[in-house]
């Protein structure tokens, strides 16, 4: 072993032997800059953390660390929160790898007047989409794409009920009624407040009807204010049909619901998503936003009722 490498290894061993509990654990650090570092913790104090990368030992100021998680425990833990679940212990994967664990939970939403995207949050058939995707509609179908050994099989559900909706947040909760004994694959909701500028995100949806389309981008700003509502601004390509689909981080968590873009000649890379904490608030209070077909403010379209006091049109005598 070369002398300088021997001294480095010796310093690391001495630091480990004298370090507090938790040292020797493999950890992942997310920095304020958006960078991610994985290594073995050697030592820490309130001002800095020492981590062994395997080929170099780094001292990182604690004030520059946005988040930390252990890689020693690799088992995913899920916690059901009513309609949705949150998860811990998720691995950070590439967009390609995330498609394998996320894509099946992304669904296509079809109405007589258009289409959009959605995603399953509860295995019993609860699905999230945008309010404007189903606005004024009462006939909805949801399509699940089930992978098999040889092909991807579309499964169409035709009995879909509107559970809750809110036009201000542009969110809607649906329930597939003809799911039978099937259990839907779901995706967990994450924490959008932990996003940082430059962090990689990706969306899955059905732009222009092209199902299972993935688009990748970065967070441009996590709290863009538009019409008194906060949105996640990203460069992920969002087009008609993507509305209601999920925006993921690289842990496979839904951090936003894609709902609009700004597009014109010479304009690109301006896509917006509803933050996950707004979605959680909507789901936690779904009873307050419960859909009632008799409510005149629900956005449902009806034909004009007949006027019993209006004289019938003149008809020729028979």
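Among the candidates 93, 115, single out the residue that is in a loop (DSSP other than H, G, I, E, B) and in contact (Cβ under 8 Å) with a residue 12 or more places away in the chain. Talk me through it step by step, then tell me what you get.
Details: 115 fails: in a loop (DSSP other than H, G, I, E, B).
Within the list 93, 115, the selection yields 93.
Tally the residues that are outside any loop (DSSP other than H, G, I, E, B) and farther than 15 Å from residue 283 by Cα, restricting the search to the range 182-196. Spell out how you get there, then give the answer.
Of the range 182-196, the ones outside any loop (DSSP other than H, G, I, E, B) are 189, 192-194.
Checking which are farther than 15 Å from residue 283 by Cα leaves us with 192-194.
Of the residues in the range 182-196, 3 are outside any loop (DSSP other than H, G, I, E, B) and farther than 15 Å from residue 283 by Cα.
What is the residue count in the range 155-184 for residues that are touching a strand residue (DSSP E or B) at 6+ places or on another chain (Cβ under 7 Å) and loosely packed, with under 12 Cβ neighbours inside 10 Å?
Matching residues across the range 155-184 total 1.
Return a yes/no flag: does the range 44-62 have any residue that is under 23 Å from residue 216 (Cα atoms) and modelled with pLDDT of 75 or more. Steps first, please.
Within the range 44-62, the subset under 23 Å from residue 216 (Cα atoms) is none.
Taking every residue of the range 44-62 in turn, none turns out to be under 23 Å from residue 216 (Cα atoms) and modelled with pLDDT of 75 or more.
Limited to the range 35-48, what total is found for residues that are under 24 Å from residue 93 (Cβ atoms) and either in contact with a strand residue (DSSP E or B) (Cβ under 8 Å, 6 or more places away or on another chain) or part of a strand (DSSP E or B) (or both)? Quick ask: steps written out before the conclusion?
So in the range 35-48, the residues under 24 Å from residue 93 (Cβ atoms) come out as 35-41.
Checking which are either in contact with a strand residue (DSSP E or B) (Cβ under 8 Å, 6 or more places away or on another chain) or part of a strand (DSSP E or B) (or both) leaves us with 36-41.
Counting residues in the range 35-48 that are under 24 Å from residue 93 (Cβ atoms) and either in contact with a strand residue (DSSP E or B) (Cβ under 8 Å, 6 or more places away or on another chain) or part of a strand (DSSP E or B) (or both) gives 6.
Go through 191, 178, 211, 170 for me and flag whichever is in contact with a helix residue (DSSP H, G or I) (Cβ under 9 Å, 6 or more places away or on another chain) and at negative phi. Don't jump to the end; show me each part of the working.
Working: 178 fails: in contact with a helix residue (DSSP H, G or I) (Cβ under 9 Å, 6 or more places away or on another chain); 211 fails: in contact with a helix residue (DSSP H, G or I) (Cβ under 9 Å, 6 or more places away or on another chain); 170 fails: at negative phi.
Being in contact with a helix residue (DSSP H, G or I) (Cβ under 9 Å, 6 or more places away or on another chain) and at negative phi holds for just one of 191, 178, 211, 170, which is 191.
Let me spell it out: the conditions are (1) farther than 14 Å from residue 120 by Cβ; (2) modelled with pLDDT under 95, and residue 179 meets all of them except one. Which number is the exception?
Against the list (1) farther than 14 Å from residue 120 by Cβ; (2) modelled with pLDDT under 95, residue 179 comes up short only on (1).
When the residues of the range 220-241 are filtered to those that are touching a helix residue (DSSP H, G or I) at 6+ places or on another chain (Cβ under 8 Å) and more than 13 Å from residue 274 (Cβ to Cβ), which remaining residue is surrounded by the fewest Cβ atoms within 10 Å (Cβ to Cβ)?
240
Which residues, counting only those in the range 136-154, are touching a strand residue (DSSP E or B) at 6+ places or on another chain (Cβ under 6 Å) and closer than 21 Å to residue 258 by Cα? Steps first, please.
Step one: list which residues in the range 136-154 are touching a strand residue (DSSP E or B) at 6+ places or on another chain (Cβ under 6 Å), which gives 137, 140-146, 152-154.
The answer is 137, 140, 141, 142, 143, 144, 145.
Can you confirm whether the range 152-161 contains a residue that is over 21 Å from residue 212 (Cα atoms) and at pLDDT 90 or above? Lay out the reasoning, then the answer.
Of all residues in the range 152-161, those over 21 Å from residue 212 (Cα atoms) come to 159, 161.
Subsequent filtering for residues that are at pLDDT 90 or above retains 159, 161.
Scanning the range 152-161 turns up at least one residue that is over 21 Å from residue 212 (Cα atoms) and at pLDDT 90 or above.
Six or more apart or on different chains, Cβ atoms under 7 Å: show the pairs whose first residue is in the range 201-225 and assigned by TED's automatic domain parsing to the domain that holds residue 104 and whose second is crowded, with 19+ Cβ neighbours inside 10 Å.
Correct list of pairs: empty, since none qualify.
The values are calculated or read from the model by the stated rules, or taken from the named source; none is laboratory data. Being a predicted model, the structure only gives us computed values, none of them experimental. Glycine also receives a Cβ, built like all others from the backbone with ideal geometry; neighbour counts cover every protein chain displayed.
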